[in-house]
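Chemist: Before we start, here is the structure in question, set down as structure tokens.
The values are calculated or read from the model by the stated rules, or taken from the named source; none is laboratory data. Note that this is a predicted model, so its numbers are computed, not measured. For neighbour counting, all protein chains shown are included, and Cβ atoms are generated from backbone atoms with ideal geometry for every residue, glycine included.
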Amino acid sequence: MSRIGRLDQRITFQSFTTAPDGAGGKVKTWADLGSVPTVWAQVVPGGGGERFEEERQAARQSVTFRVRTRADLTEAMRILWDGVAYNIRSLPDIGTREPYMRIETERGVGS
């Protein structure tokens, strides 16, 4: 369980959406979540590595974010922390009675 004092980093949840492109069309882009996008979190760095992807080396790093439990997140979203995007890879199936949840993420690879 996380203690409130460990939630010392600000993160922002984003979802993939469509937005006007200014020329009458639409473009797909990331946008902040509609309700309470920025929250306090505990950040726990994980392992990293490299792999060969599309004929080049691609670095990746896993990070776990601990936040107060919320029901509006999916694996299709991402987290912005300190200007870097982290793709959500796993959300716990804990229900809403648990006060905190662990979100497993990965940086450096496509969603």
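Chemist: If you take just the strands (runs of 3 or more DSSP E) that sit entirely in the stretch 6-75, which of them hold at least 2 residues that are modelled with pLDDT under 90?
Modeler: Here the list reads 9-20, 38-53, 56-68.
Chemist: Then there is this: With the requirement that a residue be in a strand (DSSP E or B) and surrounded by 17 or more Cβ atoms within 10 Å (Cβ to Cβ), what does the stretch 76-101 give you?
Modeler: Scanning the stretch 76-101 gives Arg78, Ile79, Leu80, Trp81, Tyr86, Asn87, Ile88, Tyr100, Met101.
Chemist: Hey, any hits in the stretch 101-110 for a residue that's at pLDDT 90 or above, under 16 Å from the mean Cα position of the chain (by Cα) and of a type in the set (Gly, Ala, Ser)?
Modeler: No, the conditions are met nowhere in the stretch 101-110.
Chemist: When both residues are 6+ apart or on different chains and their Cβ atoms are under 8 Å apart, which pairs have a first residue that lies in the stretch 1-27 and is within 13 Å of Ala41 (Cβ to Cβ), and a second that is exposed (fewer than 10 other Cβ atoms within 10 Å of the Cβ) and modelled with pLDDT of 90 or more?
Modeler: Gln9/Asp82
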